[in-house]
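First the structure, in the form of structure tokens, and then the observations on it.
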Amino acid sequence: MGETYELYYWPGIQGRGEFIRLAFEDAGVPYVDVCRARGGVARMEKLRRGAAPGLAPLAPPFLKVGDFVLAQTAAVLHFLAPRLGLVPEDPRQQLHAHQLQLTIADFIAEAHDTHHPIAVSLYYGDQKREAKRRAVHFRDERLPMFLGYFERALERAGGEHFIGGAHTYVDLSMFQVMSGLAYAFPRRMKSLARRTRRLRALQGRVAARPRIAAYLASERRLPPNEHDLFRHYPELDAA
Ligand SMILES: N[C@@H](CCC(=O)N[C@@H](CS)C(=O)NCC(=O)O)C(=O)O
């Protein structure tokens, strides 16, 4: 293909776009974060309405390379990773990476639903009571369940990396999940610290990778905020 990689995602939040940004940043491969420039959101909306040939994306993030447009975070990473050197060549390992990324997608959807349990079209303030109820179950049941699964998967893979002893996009994505959870649920994540030793060590190793460290210190890395997927509402957190 050889063309420019264009990433389409909402400006102002890390969101699901961040999983794709981290892959480009870690690989040191140039990409255009289209919506961060003037007129970018309008271009994104045109593509959502079907302006490019072929299948139109339903929701961002999506990637455009030449006239090929691809949506769904996990599918975009599955497509990009071999090109960016972020997954081994073995097709089974690529599918296991994809499986883990899809599980991450399930996990972050549940994290999001703690602050929007009724509808994304409503403000948080309009669903605060339901959010509190939902957050109890997320903190007590779902969060330990997902984190336990990922901690065990990392242990079974040797403790350093999720796939084949190699650094992959799944390691990068897990860094993002752990960072987001630490921001949104600091008290609960602290109480789970002993049960997430390997995941926290992985988070530290990814943050220390030279290109990732440079990215995190740059203006390109947006600060977390309460419009994002991971939001810090103290009333939704508890040890
Ligand atoms: N399963 C999709 C979810 C995409 C998604 O929910 N995108 C959000 C932003 S993070 C959005 O803009 N949704 C618009 C909508 O659902 O109308 C993925 O993983 O990429």
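In the range 8-32, how many residues are closer than 17 Å to Leu58 by Cβ and among the hydrophobic types (A, V, I, L, M, F, W, C)?
Pass one, the range 8-32, residues closer than 17 Å to Leu58 by Cβ: 8-10, 15-17, 20.
Then keep just the ones that are among the hydrophobic types (A, V, I, L, M, F, W, C); that gives 10, 20.
Of the residues in the range 8-32, 2 are closer than 17 Å to Leu58 by Cβ and among the hydrophobic types (A, V, I, L, M, F, W, C).
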Q: Have a look at Leu122, Leu143 and point out the one that is surrounded by fewer than 20 Cβ atoms within 10 Å (Cβ to Cβ), at pLDDT 95 or above and over 20 Å from Ala74 (Cα atoms).
A: Leu122
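Return yes when Phe150 is under 17 Å from the mean Cα position of the chain (by Cα), of a type in the set (Phe, Trp, Tyr), more than 16 Å from the ligand (Cβ to nearest atom) and modelled with pLDDT of 95 or more and no when it is not. Please lay out each step first, then the result.
Values: under 17 Å from the mean Cα position of the chain (by Cα): yes; of a type in the set (Phe, Trp, Tyr): yes; more than 16 Å from the ligand (Cβ to nearest atom): yes; modelled with pLDDT of 95 or more: yes.
Against the criterion (under 17 Å from the mean Cα position of the chain (by Cα), of a type in the set (Phe, Trp, Tyr), more than 16 Å from the ligand (Cβ to nearest atom) and modelled with pLDDT of 95 or more), Phe150 qualifies.
Filter the range 53-83 for residues that are under 14 Å from Thr4 (Cβ atoms) and surrounded by 15 or more Cβ atoms within 10 Å (Cβ to Cβ) and give the result. Working first, answer last.
Let us first name the residues in the range 53-83 that are under 14 Å from Thr4 (Cβ atoms), namely 63-69, 80, 83.
Hits for the range 53-83 are Leu63, Lys64, Val65, Val69, Leu80.
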**Q.** Subset of the range 222-239 that is more than 16 Å from the ligand (Cβ to nearest atom), in contact (Cβ under 8 Å) with a residue 24 or more places away in the chain and surrounded by fewer than 18 Cβ atoms within 10 Å (Cβ to Cβ) - its residue that is nearest to Phe24 (Cα to Cα)
**A.** His232
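The values are calculated or read from the model by the stated rules, or taken from the named source; none is laboratory data. The shown structure was predicted, so the numbers you read here are calculated from the model rather than taken from an experiment. Cβ coordinates were reconstructed from backbone atoms using ideal geometry, including for glycine residues, and neighbour counts include every protein chain displayed.
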